[in-house]
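Here is the structure we will look at, set down as structure tokens.
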Amino acid sequence: MSMLAILVKGFDEDGNVIAEECKKNDLYLWNFAVFLTHWIKRWNNTSDPTTYQYTDINGTVRTISSYVVASHSLYSYNDPGSYEGSWANSLKAIVGSNDTPPTITDYQLYAQVAEALPTAPALITSGSIIKQLFSATFPMASETVCAEVGLKMESQDTYNGGYPTLITRDVFAPVTVPAGGSLTVQFEFWWNGTPA
């Protein structure tokens with residue numbers, strides 16, 4: 001069993017907590033399943049002509065070609081000396097103001113207001129439970145309503161950097177962050193267990 005949990009905290013301009021919410025079962029999107037399947041296929045059967053379709057953040061349906069499935073390597077994803085190095089540092093947390101419930105076919109936030117580069121993930125284990133944990137902070141220059149959050153990354157299907165693609169999305173109780181305040185979101189990927 002696996003799940004994604006998020007911890008959302010809103011702060012005022014003095015750093016005081018003004019809102020806090022923990023959400024379990026944050027939604028993995030179809031795009032994320034496509035990317036995982038594509039990645040595993042590289043070590044499974046590179047001659048298999050099956051292709052996979054996903055929708056980038058602009059709403060364009062894209063097909064991962066069998067050529068790319070057979071040719072790229074995991075090492076090259078983040079190697080700045082390779083073509084695929086353009087994928088490096090492409091994971092971004094994004095926050096928006098719309099509270100429309102998520103569906104697995106979502107491909108963008110409904111009303112994005114900010115994005116941030118998350119912290120490097122920490123890997124934590126307890127018995128057979130594995131947890132990947134990272135967070136992102138969104139400073140707000142003006143008063144901003146926040147109610148949705150997601151993760152986006154570059155797709156893996158081109159050699160010169162892919163297309164920005166949403167892989168998770170969830171909504172939370174709307175938080176009005178005042179000017180000078182901030183919103184912090186902690187992401188927890190759980191494997192073989194769920195938060196208590």
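Assorted remarks:
- Entry comment: accessible area of the range 116-186 is 41 Å² per residue, from protein heavy atoms only and a probe of 1.4 Å.
- Built amide H within the under 5 Å cut-off of residue 162, gap 5+: 155
- Shape analysis of the range 125-195 places it in the oblate category; the axes a ≥ b ≥ c from the Cα gyration tensor give an a/c of at least 1.5, with a/b not above b/c.
- For the residues 64, 40, 129, 57, a 1.4 Å probe over the protein chains yields an accessible-area ranking, largest first, of 40, 129, 57, 64.
- Think of the range 1-41 as having a plus end and a minus end, set by charges on the Cβ of Lys, Arg, Asp and Glu; of 6, 36, 19, 36 sits farthest toward the positive end of this dipole.
- Under 5 Å, built H, 5+ apart or other chain: amide partners of residue 20: 10
- Apportionment of accessible area to carbon and sulfur, the range 106-196, percent (1.4 Å): 56 percent
- Accessible surface of residue 3, taken over heavy atoms with a 1.4 Å probe and every protein chain present, rounds to 10 Å².
- Summarising the amide proton neighbourhood of residue 96: residues at separation of 5 or more, or on other chains, whose placed amide H is nearer than 5 Å comprise 113, 147, 148, 149.
The values are calculated or read from the model by the stated rules, or taken from the named source; none is laboratory data. Small disclaimer: the values here were computed from a predicted structure and weren't measured. Using ideal geometry, Cβ is built from the backbone for each residue, glycine included, and neighbour counts are taken over all protein chains shown. Keep in mind that these areas ignore ligands, DNA and RNA; they rest on the heavy atoms of the full protein, side chains included. Shrake-Rupley method; radii C 1.70, N 1.55, O 1.52, S 1.80 Å.
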